[in-house]
Amino acid sequence: MNIIEIKNLKVHYPIRSGFWNRITDEVPAVDGISFNIRAGETYGLVGESGSGKSTTGKSVVGLEKVTSGSILYKGKDITKKENRRRLDYNRDVQMIFQDSLSSLNPRKRIEDIIAEPLRNFEHLSKEDEKLRVLQLLDIVGLDADALYKYPHQFSGGQRQRIGVARAVATHPKLIVADEPVSALDLSVQAQVLNFMKRIQRDFGISYLFISHDLGVVRHMCQNIAIMNRGRLVEIGTRDDIYNHPLHIYTKRLLAAIPETNVDQRAAHRASRLAVEQVYQDEQATYYDHDGKAFPLVAVSPTHSVALPEKLAQQLAQAETKREAQA
Amino acid sequence: MAENFNQHSDISAADLTRLSQEAKAEATPSTARIIWDEFKADKPALVALVVVVGFIAFVMIASLFIDTPKMMETNIMNYFDRPGTNGLWLGADSGGRSVAQQLIVGSRNSIGIAIGLTVISSTFGICWGLISGYYNGYVDWGMQRVYDFMMMLPMTMMIIVLVTIIPHYNAITLTLIFSIFYWEGTSRLIRSRTLAESEKDYVAASKTSGTSNLKIIFREIMPNISSLIIVDTTLSFAENIGVETGLSYLGFGLPTQTPSLGTMIANANDPNNITQYWWTWLPAALEIIILCLSISYIGQVIRRAADSSQRQGAAD
């Protein structure tokens with residue numbers, strides 16, 4: 001069952017110039033993307049910086065004004081403010097931010113930060129509210145003495161966990177995680193990620209997991225969408241994307257994952273350069289004449305790629321053949 | 001839904017009091033406590049605080065015991081009495097009026113106007129700047145054009161004209177007239193910081209937590225620019241003492257029968273007074289200097305207290 005259905009979402013930022021400050025051009029940050037998130041799954045949205053993945057995430061929580069297209073939740077289009085208010089939408093859809101420090105108000109105590117969504121949506125009594133905050137702190141592994149402290153007194157990992165506690169406070173159904181661990185060091189990354197997984201298991205939350213770190217996405221997500229220049233270039237399961245990538249952009253992203261095996265350094269370097277060479281040579285066939293991705297074409301029930309129909313089938317067949325040999 | 005959390009956490013209602021006590025023991029000190037620690041760490045500022053508070057309290061109370069109309073009566077026998085003669089601590093001016101009594105009543109008038117003006121103009125300026133900066137877009141555009149129009153008006157000229165038009169003006173009407181013009185600088189300053197602040201993630205987080213816009217403006221953003229607000233308010237308080245004195249000095253401030261620091265400094269218009277009768281103007285001038293310096297010292301301490309990275313007081 002789909003919890004969220006995104007249909008042909010477009011977010012264009014106007015460029016104003018001239019004496020009358022009129023709109024003279026547009027930046028298509030998100031340019032017509034469609035995908036669905038199923039209940040209880042973690043959906044990965046991957047792309048380089050500037051590809052529009054954060055804008056997509058913000059549109060889903062209702063922070064961004066959408067140019068056209070729709071986002072359906074419980075059959076209602078929540079790109080309209082009216083519908084969001086009527087559904088108490090943000091009670092069910094919350095967000096975890098990338099920068100844990102700037103996403104926590106430095107002037108508020110932890111208790112007030114975590115209780116903020118509770119005060120707006122649940123109207124608990126003072127006692128119940130404090131109890132709930134203490135439970136949330138316990139769930140994210142922080143002591144009760146954090147209650148009256150300020151955000152700057154915590155480490156990055158602890159702060160991000162406070163952000164997670166705030167996001168799960170109202171027991172949401174979907175959490176948009178906008179690069180939740182990219183500002184943290186590796187050991188803390190693992191800690192926070194495992195912890196997000198635990199919460200997902202316990203509460204049955206879906207995540208829209210936005211990241212540029214393919215290693216993290218592989219660890220977290222069942223379904224993945226690759227985004228490039230405001231459009232989706234490839235959608236598929238974890239296996240589709242990591243083991244059978246079809247679009248050159250996906251291959252390039254995968255080639256960029258650092259390898260720790262030092263012995264085969266030369267071989268990795270060679271394969272990386274080969275992918276880059278193909279990208280440089282065949283860019284024209286993979287993108288349309290405006291340098292944009294093509295519309296998505298399904299090559300299997302789970303796997304879609306943004307290529308002309310013929311090329312997509314051809315690549316898919318080559319991929320199956322290659323696998324049969326291996 | 002609450003059961004859901006109960007399943008995953010060992011904490012139950014029974015632990016509530018114990019845990020909140022534990023948390024209290026570890027709590028960061030309150031704002032008042034931090035400000036007080038900051039004053040204790042900065043002795044000159046503590047002296048400044050005592051001076052300002054003591055002086056304002058003294059002036060407010062002492063002026064209740066002075067009969068102003070009687071004080072302002074001319075007494076030719078005391079013409080330019082030196083300090084200490086005829087029971088006049090600070091001597092008398094050309095009308096034989098006690099300088100010490102005028103100083104007390106005049107300080108009350110000037111400080112009262114400065115406080116009133118600061119409260120009204122800063123409150124208005126802060127609200128204007130916050131709303132303009134937060135909503136941005138058309139709201140900001142409209143509000144900033146009003147601001148531009150107000151800036152275009154020549155302030156001192158307008159005040160002088162308004163003062164001459166209004167028939168029976170007193171300290172309150174004068175304060176209101178000043179307030180029409182003195183919110184502008186504050187509003188621009190606050191707006192610029194609000195523009196930057198409302199782009200931060202915690203504002204977005206508050207929006208997704210369902211907090212209303214007004215609450216975000218005044219409960220989320222305003223505390224975060226409080227150090228700016230405090231510095232601006234203290235400085236404009238010091239400046240506002242100057243505004244009234246300056247205008248009274250020129251003869252367009254309070255009516256002549258109402259003494260103020262400005263009318264007393266205006267005694268220095270006469271070269272004779274400057275050279276021979278120094279006691280008619282020097283006390284008022286010294287008072288303004290000491291007050292303004294002390295206020296800016298206090299403002300610095302409060303600003304440091306508001307910004308945890310600048311604190312000098314006891315570590316938390």
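Assorted remarks:
- Largest GNM mean-square fluctuation among A:L273, A:L246, A:L45, using chain A with Cα springs under 10 Å: A:L273.
- Kirkwood estimate for segment A:244-326, i.e. one over the average of 1/r between Cα atoms, Å: 14.1 Å
- Taking the square roots of 5 times each eigenvalue of the Cα gyration tensor of chain B, largest first, gives ellipsoid semi-axes of 48, 27, 15 Å.
- Summed over the residues of chain B and divided among them, the accessible surface reaches 50 Å² per residue at a probe radius of 1.4 Å.
- Karplus-derived HN-Hα couplings along segment A:232-248 (A = 6.51, B = -1.76, C = 1.60, θ = phi - 60°), whole Hz, x at Gly and Pro: 7, 9, 7, 10, x, 6, 4, 5, 4, 6, 7, 9, 10, x, 10, 7, 4
- Pairing chain A with chain B buries about 3600 Å² of accessible area. This figure sums both sides and uses a 1.4 Å probe.
- Of the GluC sites (Glu not before Pro) found in segment A:230-326, no site is in coil according to DSSP while having at most 10 other Cβ atoms within 10 Å of its Cβ.
- The angle separating the long axis of helix B:16-26 from the principal Cα axis of greatest extent in chain B is about 50 degrees.
- In the full protein context, segment A:244-326 carries 66 Å² of accessible surface per residue, based on a 1.4 Å probe and ignoring ligands, DNA and RNA.
- The angle between the Cα long axis of helix B:99-135 and the longest principal axis of the Cα atoms of chain B comes to about 30 degrees, rounded to the nearest 10.
- Inter-probe distance in nm under a simple model that places probes 7 Å from Cα toward Cβ, at A:R85 and A:R119: 2.1 nm
- Per-q log10 I(q)/I(0), segment B:1-102, q = 0.20 Å⁻¹ (Debye; single scatterer per alpha-carbon; no solvent): -1.02
- Acute angle (nearest 10 degrees) that the helix A:186-203 long axis makes with the longest principal axis of chain A, alpha-carbon atoms: 70 degrees
- Largest GNM mean-square fluctuation across A:V176, A:V27, A:V217, computed for chain A with C-alpha springs under 10 Å, falls on A:V27.
- For chain A, built as a Gaussian network whose Cα springs stay under 10 Å, the top-fluctuating residue of A:T260, A:T302, A:T67: A:T260
- Nearest-0.05 FRET efficiency for B:L286 and B:E73, computed from C-beta distance (R0 30 Å): 0.70
- FRET efficiency, 1/(1 + (r/R0)^6) with R0 45 Å, evaluated for B:Q312 and B:A14 via beta carbons: 0.55
- The distance linking segment A:195-271 with segment B:258-276 is 80 Å (Cα centroid to Cα centroid, whole angstrom).
- Carbon and sulfur %, accessible surface of segment A:115-163 computed with the full protein complex present, 1.4 Å: 40 percent
- Length-normalised contact order for segment B:32-310 - Cα pairs under 8 Å, 6+ apart - percent: 26 percent
- When the helices of chain B are scored as -39500 (n - 2.57) per DSSP H run of n ≥ 4 and the total is divided over every residue, the value at 222 nm lands at -21500 deg cm²/dmol.
- With the convex hull drawn over the C-alpha atoms of segment A:21-126, the volume per residue is 181 Å³.
- A Förster radius of 45 Å, combined with the Cβ-Cβ distance separating B:F55 from A:D185, puts the computed FRET efficiency at roughly 0.25.
- A quarter of the convex hull surface defined by the alpha-carbon atoms of the protein assembly as shown gives 40.0 nm² as the mean projection.
- Taking chymotrypsin sites (Phe, Trp or Tyr not before Pro) in DSSP loop conformation with at most 12 other Cβ atoms inside 10 Å as exposed sites, chain A has its longest uninterrupted site-free stretch at A:21-326.
- Within the protein assembly as shown, percent of DSSP bridges classed antiparallel, to nearest 5: 60 percent
- Accessible surface of segment A:244-326 [probe 1.4 Å, protein heavy atoms]: carbon and sulfur percent: 55 percent
- Coarse-grained scattering of chain A at q = 0.10, 0.16 Å⁻¹, given as base-10 log I(q)/I(0) from a Debye sum over alpha-carbon atoms: -0.65, -1.36
- Interface residues in segment A:118-140 - accessible area drops by 50 Å² or more relative to the isolated chain, probe 1.4 Å: A:N120, A:L131, A:R132, A:L134, A:Q135, A:D138
The values are calculated or read from the model by the stated rules, or taken from the named source; none is laboratory data. In this text, all values refer to a predicted model and were calculated from it rather than measured experimentally. Neighbour counts are summed over all protein chains in view; Cβ atoms, including those assigned to glycine, are modelled from backbone coordinates with ideal geometry. Please note that ligands, DNA and RNA were not included when accessible areas were found on the heavy atoms of the full protein model with its side chains. Shrake-Rupley method; radii C 1.70, N 1.55, O 1.52, S 1.80 Å.
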